[in-house]
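The block underneath contains the structure these notes are about, expressed in structure tokens.
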Amino acid sequence: MRLFGLILAGGEGRRMGGADKASLMLGGRPLVQWVAERLGPQVEELAISANGDPARLAGLGLPVLCDERPQGPLSGVLAGLRWAAAAGADALVTAPVDTPFVPGDLAPRLWLAGEGACAVAEAGGRVHPACGLWPVAVADDLAAWLAAGEARVMGFAARHGAARAGFPDENAFLNLNAPEDLARAESLLRKDA
């Protein structure tokens, strides 16, 4: 099984005052670096889904994929699936750029839960569908789903009967949507230091 990875960084960061979440600093490092360091070792190849000027992410040395039509995270997933399929991958593991503590065993747990089919993460009674595993075979169906105006990640996951991979630490999926979330993450880092 050839697993590729994709950091979803195409959001507008509205709740962060329009900030580019990929470059927000946590513990002295940009969020995109946190996710790259956690997801990268779990996959064969890693890319970033981001719109706008790709030069702002050049320091990581990763491919930057743009959405064909920005419609939320699933547009990034589609770009990632097309990239992964062209390189011979079997599936794509995704994680949002604003989940800096994503588990170091995300990819294998998703793979085991779904046995190679779609799977999403779950922790603390909450599903985290943007942290998922997507076989490249679902790309055409995803393109049709987006063309029909659908954009909900959980809706598409449910359409494909996505398995749920359970994780014990709900902080692993702490989503930094607002300044107070970033402050909480800094607090967690200090506590763990």
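The values are calculated or read from the model by the stated rules, or taken from the named source; none is laboratory data. Computed from a predicted model, the values in this text were never measured in an experiment. Every residue, glycine as well, gets a Cβ built from its backbone with ideal geometry; the counts of neighbours run over all protein chains shown. Each accessible area value is taken on the protein alone, full model and side chains, heavy atoms only, with ligands, DNA and RNA left out. Shrake-Rupley method; radii C 1.70, N 1.55, O 1.52, S 1.80 Å.
Before moving on, here are some points about what is shown:
- Beta bridges assigned by DSSP with both partners in the range 107-186 are antiparallel in approximately 50 percent of cases.
- Global geometry of the range 1-91, whether rounded, prolate or oblate, following the gyration tensor of its Cα atoms and the 1.5 cut on a/c: oblate
- Candidates Arg82, Arg109, Arg29: whichever shows maximal mean-square fluctuation once the chain is modelled as a Gaussian network with Cα springs under 10 Å: Arg29
- Cut-off under 5 Å, modelled amide H: who pairs with Leu65 long-range: Ile48, Ser49, Ala50
- Here the Karplus relation 6.51 cos²θ - 1.76 cosθ + 1.60, evaluated at θ = phi - 60°, turns the backbone of the range 122-128 into coupling constants of 9, 8, x, x, 10, 8, 10 Hz, with x for every Gly and Pro.
- Portion, in percent, of the accessible area of the chain that falls on carbon or sulfur, probe 1.4 Å: 51
- Relative contact order of the chain: 24 percent, from C-alpha pairs under 8 Å at least 6 residues apart in sequence.
- Over the chain, DSSP H runs of length four or greater, each weighted -39,500 (n - 2.57), average out per residue to a 222 nm ellipticity of -9500 deg cm²/dmol.
- Overall form of the range 110-177 per C-alpha gyration tensor (a/c, 1.5; a/b vs b/c): oblate
- Selected from Gly132, Gly76, Gly166 as most flexible by GNM, with the chain as the system and alpha-carbon contacts under 10 Å: Gly166
- Rounded to whole numbers, the Karplus 3J(HN,Hα) couplings from phi for the range 26-35 are 9, x, x, 10, x, 3, 4, 5, 4, 5 Hz, using 6.51 cos²θ - 1.76 cosθ + 1.60 with θ = phi - 60°, and x at Gly and Pro.
- Inter-part distance where the range 43-94 and the range 135-193 are each reduced to a Cα centre, Å: 15
- Here Glu170 and Cys66 are evaluated by their C-beta separation; at R0 = 30 Å the FRET efficiency comes out at 0.40.
- Efficiency of FRET between Arg184 and Ala87 - r from beta-carbon atoms, R0 25 angstrom, step 0.05: 0.10
- Test item: Cα-centred dipole of the chain, Lys/Arg +1 and Asp/Glu -1 on Cβ, debye: 260
- Amide proton proximity set for Ala121, modelled H, under 5 Å, gap of 5+: His128, Cys131, Ala165
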